[in-house]
Structures are given as structure tokens and as C-alpha cells.
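A.B. asks: Could you have a look at this structure, given as C-alpha cells, before my questions?
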Amino acid sequence: MLVCMAGSFLTPFSSSALNLAIPAIGRELGAVAVTLSWVVTSFLLASASLLLPAGRLADIVGRKRVFIAGVGLYSAASLACGLVRTAEALIAARVVQGVGAAMIFATSLAIVTSVFPASARGRVLGISVTAVYVGLSVGPFVGGVLTQAVGWRAIFLLTAGLGVACALLPAMFLRGDWVGAAGESFDWAGAGLIAAGLVAALHGISSLSTSRLAPGVLALGVALLGLFLLWETRAPAPLLDLRIVTGNVTFALSNLAALINYSATFAVTFLLSLHLQVVRGLDARHAGAVLLVQPVMMALLSPWAGRLSDRHEPRVVASLGMALSAAGLLVLWALSARAPIAAMMAALAIVGTGFALFSSPNSNAVMGAVSRAQYGVAAAVLSSMRLIGQALSMAVVTLILGARVGGARLDATVVPQLLASERLAFALFTALCVLGVFASLARGRVHAGLGPASAGGYTPGPR
């Protein structure tokens, strides 16, 4: 549990700390607003495109082995991020960092679910998710302080050191491994199709306002994803057995709800970091203190939400959380440019409470809807929905910034364009969360503690 909590802490800490350093990175490397958004988006594209292949590989060769390799790669890429001299090199290093993160995301949840019984799944997932939110909580404050006192490179150097420690823990203290599909073959064609399809589709969406080739790239991505689905129905050892989705309404709609929730909430921190530093004129340290409110609420409430989903319907708890997130986003949309900072913090507290009530119960429902042999793939699918949602969230913001701000530097001259971009983004995100409430409720009645068979989930059989 400690090993997986360390892995769950590492990447959210680095990502949330980085959000506070975006303006400083722009000043030092001479990067414009759209380029800076790619510092975040490139990481998400790499992670989202490789999560499912990493989860399947972990089921075949061992989840601990893939976890350690992922942490090692993430640490090496973090060191490279701290040494780069250009924005382009930083984006390239972030891509490699995303590959390592995919290997971490695909295995940590599966390891936890493999160890503990179904009756304790919600509580354990709540603790694991708390580690994520502790990373998100500490990240903005530490990132702001480091950026202010030492410089943004210190964030990556600290992350590299933490990663080395995180890799040593399982190597020294975990005995054996967890292998759910030993001896089965790996679907290389499927892995290539889904990775290329997701990169092309998400890159196309992000570039619609800045590149004439973007519609073609988006169309290519959609076509490749269609080929992936077609191939998976015929592959002898598919990367993703589609029956886990088509034959399991709970699993499918729970993952759809996760996709919607992350699409609507992830870019909030990025946008508000720009707002607080560029529009309000706060330094990185004080902006980080304001943004601390949302992840602190997540960290405090996630264990309780996980236990709640062990006793009550996960879909009810998760749907309530989605509705609260929508309410908080609506408040952010309604706030004026000079509204009190306290009002913004109250809105972030509502969003954070909603996210906590959604995340752990929804994860409980997903993992309770499949058999033990499929924990690796199920965790990878759920993590893929999270990262694809995060990438979509940033893609929407990149698209809006490209259309409203373009190639301008982040300074006082672009404040009106930034404010207009924020309002449009928050309006879209609020509408998404409202749709997500219906997707969450539509999954049907299921109690995750019952396990896949009694919950009506899909149990794999011979193809």
C-alpha cells in the first residue's frame, strides 16, 4: 500500500507544481501562451496514448516490474526537464516523462486492487486516491515556493529525487509480483493503433485554431481509433477485450463518467494559475496558496467517500459529486474579473468536494465490475479515461487560447483575451459536468463490494 501511495503521489505532485511555474517558464524560455500549454498537453498525450498498452503489458510480465521501470523512466525524464535550454526540448522531455507516467498509472491501482479483498476495496481506493490529492495539495504550494525562491527547474530536480526513492521502495520491500495473464501474447498492432490514434486525435483538437492541417490530423486520429476497435474484435490476444465494455454497462458508463469529469475539471488549475498571476498580479507562492483549496478538500474527503461507497450505491455518491463539481464551475464562470479571492477559493472548495465524492466511488464501481484477472486492463482503462479527459480538457483550453490569445506573450496586454478565454472554458466545463451527472446515474444499480459476478459485470470466457 505504501509503495502504491508513493507512486500515486509522485506524478500529481509534479504536475500541480508545474502549473504554478508556467509563467516563469514562459519568461525564461521565451515561450508564448500556446507553446506553454503544450508543456502540459504533451505529457498528457504520451500518458493517455500508452496507458492501455502498459496495463496489458503489466498483466503479462508483472505489475511490479512495469511499475519500477515506469518510475525509473519518469525520474530520468524529470532530470532532463530540469536541464533543458529551450521550450521545444522541455516539451520533448515531457513526452518521455509521460511514457513513464503511463507505466505508473497502469499498475499502481491494479496492485492495490489485487492485494485487498472486495469488501475493503472502496476504503483502500479512497486511501490511494488520497495520496493523489496529497500530491495535488502539496504541489501548488511547493511549486510556488520553489519557483519564487530557486527557480522552476528545482521542481523537476526534486521530482527526480523523489522518483528514485519511489523506485527503491518496491525493489527493496515487495516480494514476488502480480501477473494476471502470464504466458499470453502482447497485441503490438493494437498498441500501435491506439497510441497513434489518440495522439493524432488529441493533437488535432488542440491545433484546430493554429494549424490548417489540424482537421486532417483529427480525421486521421478518428480513423485509426476506428481501426483499433475493428482490429480488437479479430485479434487472437486483444489489447482490450471489447466484451468488457459492450457486455458490461456498469464498467462502460463508469468510465464514460470519469472521462467527462476529468475533461471538465482538469484545466481549472491551469486557467486559474494564469488568472492569479497574469490578471491579479500575485506571485507564484501566493497563487499556489489560493489553489491549495481544491486539492486539500479532495485529500480530506476522499477516504470518507471511498468508505461511503462500500456501504451505499457508488453511482449515487459519484453523481452527487459530479453535480457539486458543476455547481463550483458555474460559480467560477459567474465571478467577475475583480471578484474577491475568497469567492474564488469558495468555488474551488465546492469543486474539490465534488471531485472527492466522485472519484473514489467511481473507481470502486469500475474495479468491482470486472474479474480479478482483468484488474490490470480495467485499471488501465480507467486511468486512460482520466488522462484522455485531462488531455481533452487541456486541448479545449489550448484551442481557446490559440483563438483568443494566439502568439502573444503572457503579460498585462492580454488580460481581456485571457478573461474571455476563461469564461468560455468554464461555461463549456459546466455543461460537460451536467451531462456527466446523467452518465453517472445511467450506469444502473450496483454495489461494488458484491464483485463482478453478482453485480452483473462481465466475466471473461473463451473467445
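A.B. asks: Hey, how much of the P(r) for the chain falls beyond 29 Å, as a percent of Cα pairs?
C.D. replies: Numbers: 45850 of 106953 pairs.
Roughly 43 percent, once rounded to a whole number.
A.B. asks: Please report, in debye to the nearest 20, how large the charge dipole of the chain is about its Cα centre when each Lys and Arg carries +1 at its beta carbon and each Asp and Glu carries -1 there.
C.D. replies: 300
A.B. asks: Distance from the Cα centre of the range 309-339 to that of the range 231-276, in angstrom?
C.D. replies: 19
A.B. asks: Rounded to the nearest 500, what is the 222 nm mean residue ellipticity of the chain from helices alone, with -39500 (n - 2.57) per DSSP H run of 4+ residues and division by all residues?
C.D. replies: So the calculated ellipticity at 222 nm is -26500 deg cm²/dmol.
A.B. asks: Take the alpha carbon gyration tensor of the range 187-238, find the square roots of its eigenvalues, order them as a ≥ b ≥ c, and report rounded if a/c is under 1.5; if not, report prolate when a/b exceeds b/c, else oblate. Please list the in-between numbers first.
C.D. replies: Numbers: a/c = 4.56, a/b = 2.98, b/c = 1.53.
Note, shape of the range 187-238 comes out prolate.
A.B. asks: Determine ³J(HN,Hα), in whole Hz, for all residues of the range 236-244 in sequence, where each value follows from phi through the Karplus function 6.51 cos²θ - 1.76 cosθ + 1.60 and θ = phi - 60°; x replaces Gly and Pro.
C.D. replies: Using θ = phi - 60°, the values come out as x, 9, x, 4, 9, 5, 5, 5, 5 Hz.
The numbers here are math on the coordinates, done by the rules we state, and not lab data. Please read these numbers as outputs of a predicted model, since none were measured by experiment. Here Cβ is always computed from backbone atoms with ideal geometry, including for glycine, and neighbour counts include all displayed protein chains.
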